[in-house]
Structure formats: structure tokens, C-alpha cells
Number of protein chains: 4
Amino acid sequence: MTCAVTGSSPMPTHPDFPFRPDHVAAEALAAAEAGASIIHVHVRDRETGDPSQALEDYREVVGLIRAKNNEVILNVTTGRAAPGCRGMKTRRLRSRHTDVHGRTAAGTYSRPAARHVHARHLYDAAMGRVAINLDPMITKMGHMIQDAGVLPEIECFEAGDFVFADDLMAKGAIPKHVPFTFVLGTKYGLPATSEAMLYARNQIPRGARFTGFGVSRHSMPMAAQSMLLGGNIRVGFEDTIYLRRGQMAANNADMVRWAVEMVDRMGGDIASAGETRAMLGLKQ
Amino acid sequence: MTCAVTGSSPMPTHPDFPFRPDHVAAEALAAAEAGASIIHVHVRDRETGDPSQALEDYREVVGLIRAKNNEVILNVTTGRAAPGCRGMKTRRLRSRHTDVHGRTAAGTYSRPAARHVHARHLYDAAMGRVAINLDPMITKMGHMIQDAGVLPEIECFEAGDFVFADDLMAKGAIPKHVPFTFVLGTKYGLPATSEAMLYARNQIPRGARFTGFGVSRHSMPMAAQSMLLGGNIRVGFEDTIYLRRGQMAANNADMVRWAVEMVDRMGGDIASAGETRAMLGLKQ
Amino acid sequence: MTCAVTGSSPMPTHPDFPFRPDHVAAEALAAAEAGASIIHVHVRDRETGDPSQALEDYREVVGLIRAKNNEVILNVTTGRAAPGCRGMKTRRLRSRHTDVHGRTAAGTYSRPAARHVHARHLYDAAMGRVAINLDPMITKMGHMIQDAGVLPEIECFEAGDFVFADDLMAKGAIPKHVPFTFVLGTKYGLPATSEAMLYARNQIPRGARFTGFGVSRHSMPMAAQSMLLGGNIRVGFEDTIYLRRGQMAANNADMVRWAVEMVDRMGGDIASAGETRAMLGLKQ
Amino acid sequence: MTCAVTGSSPMPTHPDFPFRPDHVAAEALAAAEAGASIIHVHVRDRETGDPSQALEDYREVVGLIRAKNNEVILNVTTGRAAPGCRGMKTRRLRSRHTDVHGRTAAGTYSRPAARHVHARHLYDAAMGRVAINLDPMITKMGHMIQDAGVLPEIECFEAGDFVFADDLMAKGAIPKHVPFTFVLGTKYGLPATSEAMLYARNQIPRGARFTGFGVSRHSMPMAAQSMLLGGNIRVGFEDTIYLRRGQMAANNADMVRWAVEMVDRMGGDIASAGETRAMLGLKQ
């Protein structure tokens, strides 16, 4: 189970939404304690809560986590290149090359065990903009990630992303046996339905690991669906702050425990960090 | 949620498996109390526990339930015609006509709100025999059930059963808007997979109600899958006595509560008997 | 069957690719003669062959067709708003409002019987740009089209487009019973596979008409797949100039005849313009 | 492409339906000439046309074919054990063992390159009986076939057959890399729809070869669907005598040519016998 503790979207109204590095790290540690074997790491500006790509912020969060937990897997995002997104804009216009190095450098610090590559663009209805991850940039990132000895993960939002991922594998930009993530329920990507997740699972290489998850109210249902399809689970404040309609989670660990109980009722079990490392082919 | 409290298969080893009419009725009442809005009723011989088709046994069980609960919906099985199944054999060889009347009569007593029709045959690996429900018999039963003012339910085990159900609807043997049940994981019918249940759901008329369930260890996972596909749920001792691997349920109510908790974690809610009657178009 | 005679992509190398209005019209007439009941109309600059949105060009092509054929249905594209696409750029930057009126006006001339709305954006690998059709613009176009008494058609490239179409229907921007078109095999949208087309068909309202087609070498296979799924067919030079590998079509009528033969071998028949009008609910 | 020249069902009304061994062989040779690389062989009584399991009849047909064609692959059926089917009844009641040897012996003569195993039972609506192929018999046949150096082929009619095939593979009764055949449109098995064939294809091991075909009017459409799903094709008088509605085929070669033309229009090609042997892993 992955817990995505803060994300990079505008922060929802919640008494305790984590954005300061120390708070994000504390949430990560508590989530790991509650059962999460992977933490999906985004960082935010410690004053404003805006998404941050600053290397120092990543350095701090990762350091605080590792100081107390050496087991949990850190899945650090390469983020999205979003025109208009404060803090990113100047890099984007200056030079793609800079941007790739900027984003990847932020991710390579402290050698997280897994790295997160967005396969495609996303139409972000909440923000009214289009976030682009274009082919050459992704290919470059893919090679840099592999050279740095981290495991890339391919995040797909749409049907075409799987075709794109196949092309990337053919070009050697990503190895053939990487885990996938399906993001369902975004506006306007693959919907959060059983049929869409089954379609997605049928597009990836046979035997490939995947995590299917849904945004907002689709979080728990899609976690259940992913498990039923043989996939892994992701929950966390990045996706929703609600356990279910009308019932807000106190924190990420609360969300993780809720999901652990759901999986247990469904007859499943959550893998430990060690078991997860084995599943993903990461060294212990 | 339907609770199938005892079924007609050989009884598993369990400290408290219900077969005496008073026990079956008590289990039904407790299951209803725990949240089940429909009870799927089979009866057994009060001495041996063998499946019974005796009208008196049904009369007793239904009477005991109704004495204390007038709300819960009773879904009484028409059972299977199984050559070699003790108690049924002579009727089967004598005359199909008798068999139809015998089975349906057992079901019409006390006008249960829903009736259960097996659409097809089932290869019963545990018993080493083939149970047959042939077309003319089912058509006849279908008409008798409708004439008696009960709502038939079509139980499908295999892909071809949906084609068969379509033919029955075309012949007027069953009305167009009947609920369906998908039985998954039997040997050898549709497997207990997401793909099979999605396939099944895509075969029924748009908007038709359905309950997808899995036998034995597939019970809770398939209950979750059915909910995710917009269907209803069935659990109970007829399908399994285990909540999950290594964890036996004390009784049917225990199983129902477990499933209620699972549904809650998934963000769903269980309909009351009244809401269920509305959903199925049964009079209150 | 729809024949899309010229499209708006860069023209392939072909001895006789139609771009002059008289040639485009002649191709349309010949395609109709060969069996196409719908002509998908794009126009090009008579000198350069570049895509044109000029009202006069549409006026000429449509006029030439109608002068000899009053039966065939004309499906006129609203085109794509493409930054960097010559002829469109200035309108786009000036004002969205102008753009909508410009594009729709081009389409309303001569009251074609059907209008074509691109539901989403398209990543155009050949051109290296992203073509955007954003929500407010489409909604506006949708209303204008309906007010003008033409039947809109929703063209979907990706899974998310179906969710978007549902939202448009909820807003009344498009009526509930419009025909759909699935464009498969583009980079990077839904792939040209049976599974993707089945997925697409399962997303549209029950009973809705659809045309599934594939670009380039996927043209004939996807035409066959659409027919097998209960859909309609589209072929034409807009999609490919090849009948099959190594066998170039002389002209659009050649392509249409080839497809007619394929459908015949599969046991199907092509509807006449009159039958098509009935199917789509267009007045005769 | 497989051509199934005569089958074992009651013969339809046709001026030239083959049943005499010399005629069956002639049809097979002509079909191979027209493009079929595999002939699916059933034999019939030379007087009555009833299905025959007589070794001598197989011997004659196969001999006549091989006398003129050493290339085409012969796919000899193990047939079905049908209570009530004349000519089979006595063997069935005497001893399962005899039946297995009887049927397999009929198939092993002249070492055909492929053997056909019915995975399951079939409800034969036309004949009003249930044909049974039970597990122990199939397992035994499977072993005998492999020991005789022939390639078994698994014929599936229903969803559960795939689960059954998996079990057989686990028991070593059939090797893991055998070709499959999906029979669609029978009463009451998997329907002749794109969705059912896609479901079927998704159940077999990744990379396994398969032939999907449809009975009667579903023959050409399902041949097209199989091709689109990456499968092989089967046509022939065993399945239908019609090319399309109202258009009867003169003979099997006629049917094969029609299918070859359909495949060509779809952009495909038919493999030669040599290419087919390579595909199936048969020695040249």
C-alpha cells in the first residue's frame, strides 16, 4: 500500500493538512506505522503550502523520514511541468533541458527507491490549465532515472498513455518491467469505473505490477477494485481527506488504517515494506 | 444484501451449521437484524440435514421467520433437479410435470416476495453429478411463478445462461425486468474474477438489478466486486462459513456484520428491507 | 458508410489527392455513387492544399455536391482550434468568441444535415503540437449547432472524452441522442484495437449510433470491427490512401467500393442515404 | 485458416453436402487448394451420412487426402460422447475405457498433426440432448494424444471451459502451449459476439494461438472477429452452408475463397500450410 501524504494540488480545507516539511515527514512516518509500505512524496513550500520543487525541501522531508524509518519505500514524484504553476514557470520557458535536470535532480537526492514518471498530460479542471509532459522530456527523464539506479514508475491517466508507454519501452527510455499506476476519475481522463481499470490492467505487460487508484470520492472504491484485479493500493491526503461521505480522516495514518480494515474484510493482506521491495525487485 | 443461511450442499464442518427449521429461521432473523434485507431460503431435513423440498419444512421455516419479522424479503429457491440426489430422484423419473409442480408448490407457500429460478445446469464437482434445469421445465416454472404473484429471479452460472435468459424473456416465460444473480467460482462455470462479473453485468438488460456472488473463498471479494459494478450483495453460510482465510464465522449474522463493515469501508451503504422492496418493485 | 474525402492533415504523396474544391466535390459525388451515404467534408485552399476554414470554400464544395446529389448526407467538420495552424492563429488569439462564430459559421452554410464536434484535444504527433477544444468553446458551439437545426456528432479520441460528453449532455450543450464517432489509432489516443473499440461502445448511451474508425493502416480493420460491434463505418482519403499494404487506392470511390466488398463478405449491407437519414433521425 | 468440411451434425439440405469418404476427401483437397492450411476432419457413414467413429472410415478419408496432399494439416476430431447418439451408445455404456480408446484410436491413425479435444459438454438444442465430456475421460485422452505425438487442441464452448483447461494444464493432461478453439453461438454456450470472443481470448495463456469461430450465420462475422483479435480462422460446411444470407456456397472451396477475399479486404493474409506448421510448432 502506498500512502500519498500531501500531493501538489491546492490544499483542501482540513484542520491538519500537512505542508511543512516536518509535518509531511511526520505524516509519512505515521502512515508507514499504520501499514503503508510506500510513501509517495511531494513537498510544499513551508510558508504557503504551494507545490515546491526545491531540492532543499525534498532533502529535508526525506531526511526526516529516513532518520526514523529506513524500511519504508520512498516514491518521489518528478511532478508535472505546468505552465502557470508558480515556481515552475521560469524553468519551463527557459529550457526544457534545465527543467528535466531540475526536476530529476530534485528526485535523485537521497536515492529514493522508486521514481514516479507521469506518462502523459492531464487536463486539470480545478486549475483550468493543461499540464504537459512531452515525449522528449520524458524520455530524457527516463534515462536519467535509470542511470541513477532508481526504479521508475509509469503513471497513466488515459488510454493513450499505455500506447505511449509501449513506445517508451521500445525506445529503451523505460525498462520493460516497471510498475504502473493508473489514475482514475480525473477530469478528463479514464473514469473511476471497474471497466476502465480492467481495460487499463489489460494494456500493461503480463505480470507487470500496478497500483490503480481513484481521486477524491473514488479513493476507497478504486483501492478495492485494484486489489480485486491483482493490483496494489494507494490512499492518502493527496487524493482525498475523506474516509467516506461525511467522514473526514484526522490524518493520513487514519486513512491508511481504514484501508487496511477494508482490505482485511475483503480477505486480503497488506504487504510489509520488505515484501514490497521483493515484489518490485528493489534491493532490501 | 441477501443472506443465504443454509443452502442445499453437503454441510461443512462447523460447530453450529443450521439445518433444523427452528435454527434456520433463527439464523434468518439474526441475519436480518444484522442488516440483510433479503433471506435466501433453503430448507433441510430436520434429522439428517439433507436438502429438503418438503412443503411442510418450508411452511415451518417461513412461518417462524414471519412470526417475528414481516419486513425482510424472502427469496425461496426452486432448487435444482438433480438425478441421484436423494429425495428428488423418484419425482424426476416419474414425470417432469410432477417435479415442476412439486418444486414450485414448495415455493409458493406463504407467497414469498421473490422466487429463485436456476437458469441453467451446473456441473457439481463436489458431488460428481450434473444437475439439469431444462428449458421446458423452467418455462413452466416461470409462468407458474408469475401467475402466483411472485417476482422471479434468474440465476446464471455461465455465459450461455444469459442468452438463454434472453430467449425466456422473448417467450414471455420471465418478465423483462427481473433481477439477476450471477454465481461465480463454481466448477465449472463463470470464474470468480472481475472480468467475468463485468462480462455478466454487460449481458443483462440495461438497468436490471443484479447480485453477483462468489462461492467459498470468493464470497467477500465477489461481494465487493458486485458493489463496485453497481450490483447487490449476497453472503451467507450457503456459500462459505469463513469470514476470511483461517477465520470462521460463528453464524450467519456474524458474516452479515463483517460484510456490512466491508461495504462501509468501501464507502457504501446497505439498503433496508423497505428500500430493497422499492428497488425491486415489490409492494411494501 | 461515411466517406471522408480529404481531411485537413498534410496531404500524402498521391497522384490524385483531392484539394481543389471542384475535385473534392467530384470525389464526394463519386464516393456517394459507390455507396457512401454520408460525406465528411473538410475543405482546403485551392492553391496550396492547406486546411481552409473559409466560408467561401465550404460554400463552393457543398454547392457543387448538392448541384448533383440532394440525397447524400453532408457531415461538415467544425475542425480543431490549433495554435500554429495557419489561418486559424489570429482568430484564436484575438477572442475565443470570434473563433467559435468563425468555425461554426463555416459549418452552418447550406444547412448540412450533420455537424461534427471534436470532444477533446488531440496530441498531434505528426505536427508536434497540441490541438485544444476546450469546454466553454465546445459548449457554445454545441448550442449554436442545435439552434441552427443541425445534428451534432461527438468525436471521441480518448476514454476521458466519453466522460466529457456525458457532462456536456448533462449541461444541455448536446442532446442525449446524438451519434458518436470513435477515432482510434492516433498518437496518443485510444489504440486501434478490438478491446478499445468495445470499451468505447460500452461508454455511450444504450442504443446510441456510432461510427468507429481507425487512422492509416487501421482503416479497414477498424471498419470491420465497428460493423461487428453494431456500429457504422467510415473510410476515405482523410484516413488513408491505401486499400491495404502496398495497394494504393486510385480515389475515394475506389476505397468505398473496397469497403463495400468487405462488408458484403462479412455478411453485412451498406445503408442507403435514405435509410441512414432514418437511422439518424434526420428528415428526409 | 481451417476448413471443417462436413462435421457430425445432421446434414442440412444442400445439393452437394459431402458425406461419402471420397467426397469428403475431395472437398478437403479442394479446400486446401483454395487456401485452407488445416482441414478439420469428421467422417460419416457412407450410406446414411450419420456421424461415424469407425477407424476404417477415418483411414479411408485421411488416405485419400494424403495421396494427393502431404502439406495440409489434418485436425482430426475426438468427437463427443453423446448418450443417444446412434453408433456411440453401446460403447459409452459398456466402458468409458473402451470409449476413450475407441475414439482416440480413430484419431491416431495416420498420425494427424493435430488432435481436437472438446473441453466441455455441450447442450445440443437441435437434438435435445446433453453431450458430455467428463474430466477423467478427457484427461485420459489428453495423455494418449500426447503420447502418440500429436498436438492437442482445446475446444471451448463456455466460460467455465477455460477454467477447466487451466486445471487440465495443471494436471499435465495437456501441455501449456496448445492452440485453443472458441466455438461461439451454440445453444447455449458463449454467444457469437465481439465481447464474448474478447473475453475468451483474455482467458487463454498469453501468446497462445487460437481460432475463434461461429456457427451458422455467425460464421463469417466471427471469422472476421477472430482475425481482428489476433486469432486464426475457421469456416466450412460443418458450420454453415451459406456464404451470407440467401447465398448458398456450392462447396467448401467456395466458402474458403469467400473467406480469403474477406480477409484480403480487411488487410490480412492467409498463412500457407508451411507457415501454419511453424506457427503451431508442428514439424514440417
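The values are calculated or read from the model by the stated rules, or taken from the named source; none is laboratory data. All values derive from a computational prediction rather than experimental measurement. All Cβ positions, even for glycine, are placed from backbone atoms using ideal geometry, and neighbour counts span all protein chains on display. Protein only, heavy atoms only, side chains kept; ligands, DNA and RNA dropped before computing areas. Shrake-Rupley method; radii C 1.70, N 1.55, O 1.52, S 1.80 Å.
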> So A:A224 clears everything in (1) assigned to a loop (DSSP other than H, G, I, E, B); (2) open to solvent by less than 20 Å² (accessible area, probe 1.4 Å) except one condition, right? Which one?
Replying inline: (1)
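Quick check on my filter: what residues within segment A:7-44 are of a type outside the set (A, V, I, L, M) and in contact with an Asp or Glu (Cβ under 6 Å, 6 or more places away or on another chain)? Show your work before the answer.
As a first pass, look at segment A:7-44 and keep what is of a type outside the set (A, V, I, L, M): A:7-10, A:12-23, A:27, A:33, A:35, A:37, A:40, A:42, A:44.
Within segment A:7-44, A:G7, A:P18, A:P21 meet the criteria.
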> If you go through segment C:215-254, how many residues are in contact with a Pro (Cβ under 9 Å, 6 or more places away or on another chain) and more than 29 Å from D:H218 (Cα to Cα)?
Replying inline: 7
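One line per residue, one yes/no per condition, for (1) in contact (Cβ under 8 Å) with a residue 12 or more places away in the chain; (2) crowded, with 22+ Cβ neighbours inside 10 Å; (3) in contact with a Lys or Arg (Cβ under 8 Å, 6 or more places away or on another chain); (4) within 18 Å of B:A253 (Cα to Cα):
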| residue | (1), (2), (3), (4) |
| --- | --- |
| B:M1 | yes, yes, yes, yes |
| B:D16 | yes, no, no, yes |
| B:P21 | yes, yes, yes, yes |
| B:E27 | yes, yes, no, yes |
> Got at least one residue in segment C:211-225 being over 30 Å from D:Y242 (Cα atoms), polar (S, T, N, Q) and in contact with an Asp or Glu (Cβ under 9 Å, 6 or more places away or on another chain)?
Replying inline: yes
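Within the group A:A208, A:A200, which residue is closer than 21 Å to A:N75 by Cα and in contact (Cβ under 8 Å) with a residue 12 or more places away in the chain?
Numbers: A:A200 fails: closer than 21 Å to A:N75 by Cα.
Sole residue among the options that is closer than 21 Å to A:N75 by Cα and in contact (Cβ under 8 Å) with a residue 12 or more places away in the chain: A:A208.
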>> If I ask for residues that are open to solvent by less than 60 Å² (accessible area, probe 1.4 Å) and over 17 Å from the mean Cα position of the chain (by Cα), which ones from segment C:36-49 would you list?
In response: C:D45, C:G49
> Can you spot a residue in segment D:172-180 that is buried (at least 23 other Cβ atoms within 10 Å of the Cβ), more than 11 Å from chain B (Cβ to nearest Cβ) and closer than 22 Å to B:Y199 by Cβ?
Replying inline: yes
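Can you tell me which residue among D:G63, D:G35 is of a type in the set (G, A, S) and closer than 13 Å to D:A253 by Cβ? Give the derivation first.
Details: D:G63 fails: closer than 13 Å to D:A253 by Cβ.
Result: D:G35 is the single residue among D:G63, D:G35 that is of a type in the set (G, A, S) and closer than 13 Å to D:A253 by Cβ.
In segment D:140-155, which residue that is out of contact with any helix residue (DSSP H, G or I) (no Cβ under 6 Å at 6 or more places or on another chain) and modelled with pLDDT of 70 or more is nearest to the other protein chains (Cβ to nearest Cβ)? Full working, then the answer.
Going through segment D:140-155, the residues out of contact with any helix residue (DSSP H, G or I) (no Cβ under 6 Å at 6 or more places or on another chain) turn out to be D:142-143, D:145-147, D:149-151, D:153, D:155.
Those left that are additionally modelled with pLDDT of 70 or more: D:143, D:147, D:149-151, D:153, D:155.
Details: D:H143: 20, D:D147: 25, D:G149: 29, D:V150: 25, D:L151: 23, D:E153: 19, D:E155: 14 Å.
In this case the residue turns out to be D:E155.
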>> For segment C:247-281, give me each residue that is charged (D, E, K, R), within 27 Å of C:G207 (Cβ to Cβ) and touching a residue at least 60 places away in the same chain (Cβ under 8 Å).
In response: C:E275, C:R277
> For segment A:267-284, what are the residues that are more than 11 Å from chain B (Cβ to nearest Cβ) and either closer than 27 Å to B:D264 by Cβ or not in a loop (DSSP other than H, G, I, E, B) (or both)?
Replying inline: A:I270, A:A271, A:S272, A:A273, A:G274, A:E275, A:T276, A:R277, A:A278, A:M279, A:L280
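With a cut-off of at least 2 residues that are modelled with pLDDT of 95 or more, name the strands (runs of 3 or more DSSP E) lying wholly within segment A:1-114. Quick ask: steps written out before the conclusion?
Values: elements: A:2-4, A:38-41, A:73-77.
Correct list: A:2-4, A:38-41.
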> In segment C:181-219, which residue that is away from chain A (no Cβ under 14 Å) and part of a loop (DSSP other than H, G, I, E, B) is surrounded by the most Cβ atoms within 10 Å (Cβ to Cβ)?
Replying inline: C:R209
>> Considering only residues that are under 17 Å from the mean Cα position of the chain (by Cα), among the β-branched types (V, I, T) and over 21 Å from D:M262 (Cα atoms), which ones fall in segment D:1-35?
In response: D:T6, D:V24
> Within segment D:194-211, can you find the residues that are farther than 21 Å from D:A4 by Cβ and modelled with pLDDT of 95 or more?
Replying inline: D:S194, D:E195, D:L198, D:Y199, D:N202, D:Q203
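Quick test for you: out of A:D166, A:D264, pick the one residue that is open to solvent by 40 Å² or more (accessible area, probe 1.4 Å), away from chain B (no Cβ under 13 Å) and part of a helix (DSSP H, G or I). Outline the logic, then answer.
Working: A:D264 fails: away from chain B (no Cβ under 13 Å).
Answer to the selection: A:D166.
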>> Quick check on segment B:232-261: of everything there that is away from every other protein chain (no Cβ under 13 Å) and open to solvent by 30 Å² or more (accessible area, probe 1.4 Å), which residue is farthest from B:V24 (Cα to Cα)?
In response: B:N232
> How about segment A:15-67: which of its residues are of a type in the set (D, E) and out of contact with any Ser or Thr (no Cβ under 8 Å at 6 or more places or on another chain)?
Replying inline: A:D16, A:D22, A:E33, A:E47, A:D50, A:E56, A:D57, A:E60
